[in-house]
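In what follows, a single structure is set out as C-alpha coordinates and then discussed.
The values are calculated or read from the model by the stated rules, or taken from the named source; none is laboratory data. These numbers were taken from a predicted model, which means no experiment stands behind them. No Cβ is skipped: glycine too gets one built from the backbone with ideal geometry, and neighbour counts run over all protein chains shown. These area figures cover heavy atoms from the full protein model, side chains too; ligands, DNA and RNA do not enter into them. Shrake-Rupley method; radii C 1.70, N 1.55, O 1.52, S 1.80 Å.
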Amino acid sequence: MGIPSPFKVPLENENVTDLVAGLRGAGLHVDTSGEVARLIHEAQDAQSGMVYYGAPGSDVLSFARQIRALEPESREARSLLLKVAERMAWDADARMQDDDPQGARELARECLELVQGHPGCLAILEGEG
(Lines give C-alpha, C1' and ligand atoms only; values in the text may rest on other atoms or scores of the structure.)
Protein backbone atom coordinates (compact mmCIF):
# COMPACT_ATOMS: atom_id res chain seq x y z
CA MET A 1 0.00 0.00 0.00
CA GLY A 2 2.08 2.99 1.19
CA ILE A 3 1.84 6.71 0.53
CA PRO A 4 2.10 7.93 -3.05
CA SER A 5 5.05 10.15 -3.74
CA PRO A 6 5.21 13.09 -3.85
CA PHE A 7 2.82 13.67 -1.00
CA LYS A 8 1.78 17.32 -0.67
CA VAL A 9 0.56 18.90 2.52
CA PRO A 10 0.23 22.62 3.17
CA LEU A 11 2.17 23.71 6.24
CA GLU A 12 0.03 25.94 8.42
CA ASN A 13 2.50 26.95 11.07
CA GLU A 14 3.79 30.33 12.17
CA ASN A 15 7.32 28.98 12.27
CA VAL A 16 7.51 27.08 9.01
CA THR A 17 11.31 27.08 9.03
CA ASP A 18 11.47 24.99 12.23
CA LEU A 19 8.82 22.62 10.91
CA VAL A 20 10.67 22.19 7.60
CA ALA A 21 13.96 21.60 9.44
CA GLY A 22 12.29 18.92 11.54
CA LEU A 23 10.82 17.19 8.51
CA ARG A 24 14.14 17.28 6.69
CA GLY A 25 15.84 15.98 9.82
CA ALA A 26 13.47 13.03 9.69
CA GLY A 27 14.71 12.28 6.18
CA LEU A 28 11.82 13.75 4.20
CA HIS A 29 12.26 15.89 1.10
CA VAL A 30 10.38 19.14 1.55
CA ASP A 31 9.69 21.37 -1.45
CA THR A 32 9.73 24.93 -0.16
CA SER A 33 9.72 26.63 -3.54
CA GLY A 34 6.26 28.14 -3.07
CA GLU A 35 7.13 29.64 0.30
CA VAL A 36 10.50 30.86 -0.97
CA ALA A 37 8.81 32.56 -3.92
CA ARG A 38 6.38 34.27 -1.54
CA LEU A 39 9.23 35.44 0.68
CA ILE A 40 11.18 36.77 -2.30
CA HIS A 41 8.12 38.79 -3.32
CA GLU A 42 7.79 40.13 0.25
CA ALA A 43 11.49 41.04 0.27
CA GLN A 44 11.11 42.87 -3.04
CA ASP A 45 8.20 44.84 -1.61
CA ALA A 46 10.23 45.72 1.48
CA GLN A 47 13.14 46.76 -0.72
CA SER A 48 10.84 48.97 -2.80
CA GLY A 49 9.81 50.64 0.45
CA MET A 50 13.49 51.01 1.46
CA VAL A 51 12.94 48.82 4.55
CA TYR A 52 16.19 46.87 4.57
CA TYR A 53 16.58 46.25 8.31
CA GLY A 54 15.27 47.50 11.63
CA ALA A 55 11.67 46.33 11.19
CA PRO A 56 11.82 42.66 12.24
CA GLY A 57 9.32 40.54 10.38
CA SER A 58 8.73 43.04 7.61
CA ASP A 59 12.18 44.05 6.39
CA VAL A 60 14.44 42.63 3.69
CA LEU A 61 16.74 41.17 6.33
CA SER A 62 13.94 39.15 7.95
CA PHE A 63 12.75 37.74 4.64
CA ALA A 64 16.31 36.90 3.54
CA ARG A 65 16.94 35.03 6.77
CA GLN A 66 13.71 33.06 6.36
CA ILE A 67 14.64 32.15 2.80
CA ARG A 68 18.10 31.05 3.92
CA ALA A 69 16.57 28.93 6.69
CA LEU A 70 14.34 27.18 4.15
CA GLU A 71 16.97 26.90 1.43
CA PRO A 72 20.48 27.35 2.89
CA GLU A 73 22.11 27.46 -0.57
CA SER A 74 19.67 30.04 -1.97
CA ARG A 75 21.32 32.55 -4.30
CA GLU A 76 18.37 34.86 -3.73
CA ALA A 77 18.97 34.87 0.03
CA ARG A 78 22.67 35.61 -0.49
CA SER A 79 21.82 38.43 -2.88
CA LEU A 80 19.30 39.93 -0.47
CA LEU A 81 21.75 39.71 2.44
CA LEU A 82 24.36 41.48 0.32
CA LYS A 83 21.86 44.26 -0.43
CA VAL A 84 21.15 44.63 3.29
CA ALA A 85 24.88 44.73 4.01
CA GLU A 86 25.34 47.42 1.35
CA ARG A 87 22.61 49.49 2.98
CA MET A 88 24.15 48.96 6.43
CA ALA A 89 27.54 50.09 5.12
CA TRP A 90 25.98 53.18 3.59
CA ASP A 91 24.09 53.96 6.81
CA ALA A 92 27.20 53.33 8.93
CA ASP A 93 29.14 55.77 6.78
CA ALA A 94 26.34 58.33 7.19
CA ARG A 95 26.46 57.86 10.98
CA MET A 96 30.19 58.42 10.92
CA GLN A 97 29.65 61.64 8.95
CA ASP A 98 27.00 62.68 11.50
CA ASP A 99 29.59 62.28 14.28
CA ASP A 100 28.16 59.02 15.66
CA PRO A 101 31.20 56.74 15.48
CA GLN A 102 29.88 54.28 18.05
CA GLY A 103 26.60 53.83 16.14
CA ALA A 104 28.57 53.50 12.91
CA ARG A 105 30.81 50.79 14.37
CA GLU A 106 27.84 48.86 15.80
CA LEU A 107 26.11 48.88 12.43
CA ALA A 108 29.33 47.88 10.67
CA ARG A 109 29.72 44.90 13.02
CA GLU A 110 26.12 43.81 12.29
CA CYS A 111 26.90 44.13 8.59
CA LEU A 112 29.95 41.87 8.93
CA GLU A 113 27.83 39.24 10.68
CA LEU A 114 25.71 39.10 7.51
CA VAL A 115 28.49 39.32 4.94
CA GLN A 116 31.95 38.47 6.21
CA GLY A 117 34.63 40.74 4.87
CA HIS A 118 32.23 43.33 3.41
CA PRO A 119 34.64 46.09 2.33
CA GLY A 120 32.38 49.04 3.22
CA CYS A 121 31.83 47.77 6.73
CA LEU A 122 35.48 46.86 7.20
CA ALA A 123 36.42 50.40 6.16
CA ILE A 124 34.18 51.84 8.90
CA LEU A 125 35.79 49.63 11.54
CA GLU A 126 39.27 50.46 10.29
CA GLY A 127 38.52 54.18 10.37
CA GLU A 128 38.60 54.67 6.61
CA GLY A 129 34.84 55.22 6.19
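So here's what we get for this one:
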| quantity | calculated |
| --- | --- |
| Relative contact order of the chain, defined on C-alpha pairs under 8 angstrom at six or more residues apart (%) | 15 |
| Kirkwood-type radius of the range 53-129, with distances r between different C-alpha atoms, in Å | 12.5 |
| Gaussian network model of the chain, Cα within-10 Å springs - most flexible of GLN97, GLN44, GLN66 | GLN97 |
| Average accessible area per residue (Å²) across the chain - probe 1.4 Å, nucleic acids and ligands excluded | 65 |
| Helix 60-70 vs. the chain, principal-axis angle (Cα, 0 to 90°, nearest 10) | 40 |
| Chain lengthening between LEU28 and GLU106 when straightened (0.36 nm per residue, less Cα-Cα) | 24.1 nm |
| Cα-based radius of gyration of the range 84-129 once divided by 2.2 N^0.38 Å, which approximates compact folds | 0.92 |
| Of the GluC sites (Glu not before Pro) in the range 51-101, those whose Cβ has at most 10 other Cβ within 10 Å and which sit in DSSP loop | GLU73 |
| Ratio Rg/Rh [Cα only; Rh per Kirkwood] for the chain | 1.12 |
